[in-house]
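Data first, discussion second: the structure below is written as structure tokens.
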């Protein structure tokens, strides 16, 4: 799905990402962890073609086997749900319905406009996506009347309406209560049966069992990248986040047993 070789991204004179090498195959669900400022947001934009890497003779970036995509073509293949987009929708178009938020994804707009045309394929696709995430009863509910969890599911439906091959989820449970977090992650687990999931987070407990690879990002560089078993160690997490972390494992789920400040990191 994604193959990056020696990728550098610069803002101004400084490199924000340096020497990024990764290879995410189809249904090879991957978690990306890192502290604030580690480069996670920039990496998201790299996946979606919202930014481009520096041109270097020893670098290459492929998505689905191709180096060149228009941003609109790629958005149909990679559904993206970010906390920033949640906030944007909530404050930019509070009065549109869930259905309008979902179907307008076919025109990459926020809401429906008179100049746009929608056919039965689009309407049916939007309705299927809404039903798939279990919010058919909220189809006509305005965004401003939705709970945080309901709106997050609406945004997942918006991404699914285009039938993407992959979902890129950036901090997807921010603002959700415990019950909503559990429901959301169970929904993502179900979607992982047929969509490649890339999960960006700094919450270890969100790494669900189907995730097989983990990438640790630190100061714009990949600190560790490999199988979950190889990467998810107390030492690696401690060095990534700059605190002393002791990991526990309950079945197939990792959790933080203890965490404390440590001047050694």
Checklist entry - Hey, can you rank 98-108, 223-233, 141-151 by average C-beta count inside 10 Å, highest first? => result 98-108, 141-151, 223-233
Item to check | Angle in degrees between helix 178-191 and the longest Cα principal axis of the chain, rounded to the nearest 10 | outcome: 80
Checklist entry - What does the helix-only formula give at 222 nm for the chain: each DSSP H stretch with n ≥ 4 adding -39500 (n - 2.57), the total divided by the residues, and the result rounded to the nearest 500 deg cm²/dmol? => result -9000 deg cm²/dmol
Checklist entry - For 137, 202, 29, what's the fewest-to-most ordering of other Cβ within 10 Å of each Cβ? => result 137, 202, 29
Checklist entry - Roughly how many Å is it from the Cα centre of segment 198-265 to that of segment 1-43, as a whole number? => result 16
Checklist outcome for this item: Full extension between residue 6 and residue 203 adds, at 0.36 nm per residue less the Cα distance, a length in nm of 68.2 nm
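When the chain is fully extended, how far beyond the present Cα-Cα distance does residue 21 get from residue 73, taking 0.36 nm per residue of separation?
Between residue 21 and residue 73, full extension yields 16.4 nm more.
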Checklist entry - Relative to the longest principal Cα axis of the chain, at what angle does helix 148-160 sit, 0 to 90 degrees, rounded to 10? => result 80
Next on the checklist: I'd like the orientation of helix 83-92 relative to the chain: the angle between its Cα long axis and the longest Cα principal axis, in ° from 0 to 90, rounded to 10.
Outcome noted: 30
Item to check | DSSP beta bridges in the chain [antiparallel fraction, %, rounded to 5] | outcome: 60
Next on the checklist: At 0.36 nm per residue, and after removing the present C-alpha to C-alpha distance, how many nm does the segment from residue 64 to residue 52 gain when stretched out fully?
Outcome noted: 2.7 nm
Next on the checklist: 7 Å from Cα along Cα→Cβ at both residue 13 and residue 113: what's the point-to-point distance in nm?
Outcome noted: 4.0
Item to check | Rel. contact order, % - alpha carbon contacts under 8 angstrom, at least six apart, the chain | outcome: 24
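Each reported figure results from applying straightforward, stated rules to the coordinates on display, with no laboratory input. No experiment lies behind these values; they were computed from the predicted model shown. Reconstructed Cβ throughout: ideal geometry from the backbone, glycine too, with neighbour counts over all protein chains shown.
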